[in-house]
Amino acid sequence: MRILFSACPLSGHVATILPLALAARAAGHEVVVATGAGVLAPLLRHRLETWPVGTPEAGLPGGGTTAQRSAFFANSAAGRAEDLIPRARDWPPDLVISDTAEVAGVVAAAVTGARHVVHGLGIMPPMVLWNAYAVHLDGLLTRWGIPATADAVREATYLDVCPPALRRPGEPIWTRTLDLRPTTAGWGAPHPAASPRQLTADLDSGSRRQLTARIDALPHRDTVLARPGSPAEAAAILSALDGHPINLVMCADPADLGPQPPNVLVTPGWPDPAVLSRCHVLVSRGGPGVALPALAHGLPQLILSLENTAPDGDMTHAGAALTVNAPDPAAVERAVRTHVPRLLKDPIFAAAAAWAQVEIAAMSSPEAVVRALTTEGVPALR
């Protein structure tokens with residue numbers, strides 16, 4: 001079967017769909033992933049076939065109203081559709097799997113007559129967001145001569161990566177759902193076309209045994225995993241935890257931070273399960289591909305929001321995380337200094353994260369979902 005994955009060109013979106021794409025390829029299906037050229041690196045490391053479409057990266061701005069953010073996603077998808085649809089017509093897929101925010105994949109499925117599946121990115125968006133989004137989706141479908149409306153998209157099968165404890169109450173956008181366990185695909189092998197700097201980082205990070213041995217050799221009992229958004233945020237986290245009897249595994253380029261004390265390990269990329277299972281708390285900006293895979297390993301989390309609320313705020317409501325408004329490095333430092341010790345010491349957070357971990361373990365694996373989608377079938381967009 002030919003399966004086309006279509007992802008909004010943001011790293012978290014690509015990381016979230018990657019495990020299912022790899023499972024589909026391992027099952028013997030022809031797999032192509034279409035997204036922006038700026039986020040192809042993890043796909044190339046796993047030697048997946050890719051189609052660069054649209055602009056290199058989405059460049060999603062912070063803030064904005066629900067309507068403005070919906071318009072941004074829909075408008076950027078219109079540019080990707082211009083590149084994607086001719087290629088999809090030449091290589092007609094049997095199945096298109098597009099992430100929640102990726103309208104280009106919806107159009108490609110309709111134009112080619114392929115069956116369509118929506119891949120969740122985290123907690124299913126609220127209906128108010130869909131209502132704002134549907135206006136732009138209807139316009140794009142009309143532009144490509146497709147009689148279907150946004151309401152038809154709601155009939156697609158939705159792959160729900162969110163455990164039950166975190167799901168929102170109220171009317172869901174999609175009612176035909178399959179649970180999909182959120183996982184991380186690890187680093188993969190270095191790609192021959194990588195730059196020397198990328199190649200070195202991949203080779204270093206790809207040595208799982210060496211990295212896990214270095215984590216096991218860290219001097220303290222508790223280990224914090226941090227995924228900062230910039231070198232300045234990394235420096236703020238280092239400063240906040242300086243002097244604490246805490247190990248720190250920092251996902252950053254070692255060249256940006258220089259030598260570190262014995263309790264700090266700096267490694268490029270997002271860790272695979274062997275690293276996540278050795279940590280006790282995650283500090284990050286949250287978002288797709290980060291928060292839920294870490295929760296699958298029972299990690300309580302400090303989510304550093306750029307706004308007053310975070311997209312993963314329901315993790316806070318479920319007791320597995322703290323969400324703190326931290327729009328700049330100074331605020332990041334205050335938040336980490338104040339809240340990381342609390343997350344490590346208060347058993348309530350670990351208990352809530354452990355419950356979510358149990359729920360996630362009961363969800364279907366990517367391999368099982370591939371079998372369900374390719375043997376039982378899903379409807380086409382009409």
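The values are calculated or read from the model by the stated rules, or taken from the named source; none is laboratory data. Computed from a predicted model, the values in this text were never measured in an experiment. Neighbour counts run over all protein chains shown; Cβ positions are idealised from the backbone, glycine included. For accessibility, only protein heavy atoms count, side chains too; no ligands or nucleic acids. Shrake-Rupley method; radii C 1.70, N 1.55, O 1.52, S 1.80 Å.
Odds and ends about this structure:
- Residues satisfying the criterion are present in segment 280-295 (criterion: more than 18 Å from Pro163 (Cα to Cα) and open to solvent by 10 Å² or more (accessible area, probe 1.4 Å)).
- Tally of residues being assigned to a loop (DSSP other than H, G, I, E, B) and under 17 Å from Ala236 (Cβ atoms) across segment 264-279: 0
- Among (1) touching a helix residue (DSSP H, G or I) at 6+ places or on another chain (Cβ under 7 Å); (2) open to solvent by less than 60 Å² (accessible area, probe 1.4 Å), the one test that Ala335 misses: (1)
- Residues that are under 30 Å from Ala330 (Cα atoms), modelled with pLDDT under 90 and in a helix (DSSP H, G or I) occur in segment 233-255; there is at least one.
- Note on segment 213-229: residues that are assigned to a loop (DSSP other than H, G, I, E, B) and touching a residue at least 40 places away in the same chain (Cβ under 8 Å) amount to 6.
- Residue in segment 139-151 that is over 19 Å from Trp51 (Cβ atoms), at pLDDT 85 or above and open to solvent by less than 10 Å² (accessible area, probe 1.4 Å) present: yes
- Selection within segment 258-272 - hydrophobic (A, V, I, L, M, F, W, C) and modelled with pLDDT of 90 or more: Val264, Leu265, Val266
- If only residues of segment 1-53 that are of a type in the set (Val, Ile, Thr) and not in a strand (DSSP E or B) are counted, the one that is nearest to Arg80 (Cα to Cα) is Val53.
- Taken as a whole, the structure places Ala104 among residues that are assigned to a helix (DSSP H, G or I), open to solvent by less than 20 Å² (accessible area, probe 1.4 Å) and modelled with pLDDT of 85 or more.
- Every pair of residues 6+ apart whose Cβ atoms lie under 8 Å, when the first sits in segment 242-257 and is more than 19 Å from Val290 (Cβ to Cβ) and hydrophobic (A, V, I, L, M, F, W, C) while the second is modelled with pLDDT of 90 or more and crowded, with 20+ Cβ neighbours inside 10 Å: Ile246/Thr223; Ile246/Val224; Ile246/Val340; Leu257/Ala234; Leu257/Leu238; Leu257/Met250; Leu257/Val266
- Qualifying residue in segment 115-123 (condition: part of a loop (DSSP other than H, G, I, E, B), without any contact (Cβ under 8 Å) to a residue 60 or more places away in the chain and open to solvent by 10 Å² or more (accessible area, probe 1.4 Å)): no
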